[in-house]
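This report refers to the structure that appears directly beneath it.
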Ligand code: HAM
């Protein structure tokens with residue numbers, strides 16, 4: 001679990017702001033959900049025999065003895081809220097959320113125990129057009145952030161019925177090759193055989209080469225959904241790879257699943273993942289409602305922005321106000337309040353505490369301020385202030401205190417044009 005220090009806050013805000021703009025442009029509305037839910041919600045949705053539920057949840061009994069968990073993801077809580085507030089059945093919704101998620105995983109680069117996701121969930125739309133919409137939305141976000149070299153992998157898990165048949169065929173095949181499987185896969189063979197498909201073990205992967213393929217087992221309707229999805233992606237110029245082994249680590253998916261992956265971050269290269277989960281709402285007690293969505297890992301996106309040198313510089317103050325002597329300091333405080341009142345978007349710092357002019361100027365420079373406002377004994381007496389641009393060699397000049405706001409705005413505007 002990491003602290004996000006002030007020097008990183010600008011980058012976080014940049015990412016969140018661009019993402020907020022993009023989801024809003026597609027008509028998604030924000031939903032804010034609790035961080036703690038009943039543990040059984042996650043067992044019933046993500047799945048009893050998934051890594052997340054088996055070994056990664058932060059679970060505790062509260063004072064009533066209810067078993068609660070810190071949310072490991074946002075989809076389950078979103079569906080729980082939808083059922084509770086009755087906004088899912090026979091309605092269309094496009095929602096988004098952002099916030100911390102918790103998984104007790106083995107920490108490594110790109111994998112944390114508290115991490116942040118921004119996710120979207122769309123309800124009430126059964127066709128591949130909404131699957132494509134959420135993919136296009138994410139692709140637009142990569143473009144707006146300037147990110148490159150992210151590939152899209154897609155697959156179809158078919159309908160639940162398809163999967164029952166496929167599961168039997170896969171299990172029968174894998175049992176014949178049990179000795180060649182790694183230990184984890186042997187265990188999953190009986191509990192969750194589809195997860196064997198994304199094993200990283202070389203021996204298991206060799207066995208999987210000849211395993212029956214889920215895509216070959218799709219029923220007619222699932223096949224059609226997938227073909228339409230691929231066609232719509234082609235129409236919109238979105239490049240993708242079909243990865244028949246893409247199965248996802250959460251059990252609620254059916255039909256479309258997808259992941260956006262980069263090779264720039266090492267092993268934890270999936271920056272965004274999701275798909276369709278039509279079965280989840282009835283499974284949690286709601287009436288059948290089609291659903292699809294995705295979540296992206298903000299830490300991974302920030303690491304990628306950094307790797308591709310796309311992070312904005314930390315925001316510096318526009319104005320740093322220096323003063324010498326008690327009288328000047330009191331006037332400086334009042335003048336800067338008036339500046340903030342007149343231009344609320346300007347970042348204005350007043351020097352507090354001791355220090356001669358040189359020390360104060362050094363501090364203004366260190367913070368990267370654009371303009372210094374200087375108020376000494378002479379200025380105090382004459383009702384003026386000295387203005388000094390800190391990013392060019394323009395000579396310092398005196399202006400009347402009553403003209404300060406106008407002059408500051410002109411200076412900052414010129415600075416913006418120059419930079
Ligand atoms: P997920 O694949 O478990 O899906 O997580 C989505 C993304 O969250 C991952 O691709 C990754 O970028 C990020 N992430 C996951 N675990 C960690 C971690 N320990 N540290 C850092 N980042 C991590 C879901 O959570 C689904 N709820 C997505 C979804 C929404 N499907 C439909 N709607």
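Key figures for this structure:
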{"quantity": "Scope the range 248-297; condition more than 8 Å from the ligand (Cβ to nearest atom), modelled with pLDDT of 95 or more and either on the phi > 0 side of the Ramachandran plot or not assigned by TED's automatic domain parsing to the domain that holds residue 118 (or both); matching residues", "calculated": "255, 285"}
{"quantity": "Single residue of the range 110-129 satisfying the filter (within 14 Å of residue 274 (Cβ to Cβ) and near the ligand (Cβ under 7 Å from one of its atoms)) that is surrounded by the fewest Cβ atoms within 10 Å (Cβ to Cβ)", "calculated": "117"}
{"quantity": "Residues satisfying the stated conditions in the range 279-319, i.e. within 18 Å of residue 77 (Cβ to Cβ) and more than 19 Å from the chain's Cα centre (by Cα)", "calculated": "279, 280, 281, 282, 283, 284, 285, 286, 289, 291"}
{"quantity": "So residue 151, is it farther than 27 Å from residue 263 by Cβ and either in the same structural domain as residue 128 (by TED's automatic domain parsing) or outside any loop (DSSP other than H, G, I, E, B) (or both)", "calculated": "no"}
{"quantity": "The range 386-408 residues that are free of Cβ contacts under 8 Å to residues at least 60 places away in the same chain, paired with ones that are in a strand (DSSP E or B) and surrounded by fewer than 16 Cβ atoms within 10 Å (Cβ to Cβ) (beta carbon under 7 Å, 6 or more apart)", "calculated": "386/398; 387/397"}
{"quantity": "Residues within the range 345-378 that are buried (at least 16 other Cβ atoms within 10 Å of the Cβ), over 16 Å from residue 404 (Cα atoms) and more than 35 Å from the chain's Cα centre (by Cα), tallied", "calculated": "3"}
{"quantity": "The one condition in (1) within 16 Å of the ligand (Cβ to nearest atom); (2) part of a loop (DSSP other than H, G, I, E, B); (3) more than 21 Å from residue 44 (Cα to Cα) that residue 105 fails to fulfil", "calculated": "(3)"}
{"quantity": "Residue check for residue 77: buried (at least 19 other Cβ atoms within 10 Å of the Cβ), near the ligand (Cβ under 10 Å from one of its atoms) and not in a strand (DSSP E or B)", "calculated": "yes"}
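Conditions tested, residue by residue: (1) within 16 Å of the ligand (Cβ to nearest atom); (2) at positive phi; (3) modelled with pLDDT under 95.
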residue	(1), (2), (3)
145	yes, no, no
150	yes, no, no
196	no, no, yes
202	no, no, yes
223	no, no, no
246	yes, no, yes
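The values are calculated or read from the model by the stated rules, or taken from the named source; none is laboratory data. Predicted model only: the values in this text are computed from it and were never measured. Reconstructed Cβ throughout: ideal geometry from the backbone, glycine too, with neighbour counts over all protein chains shown.
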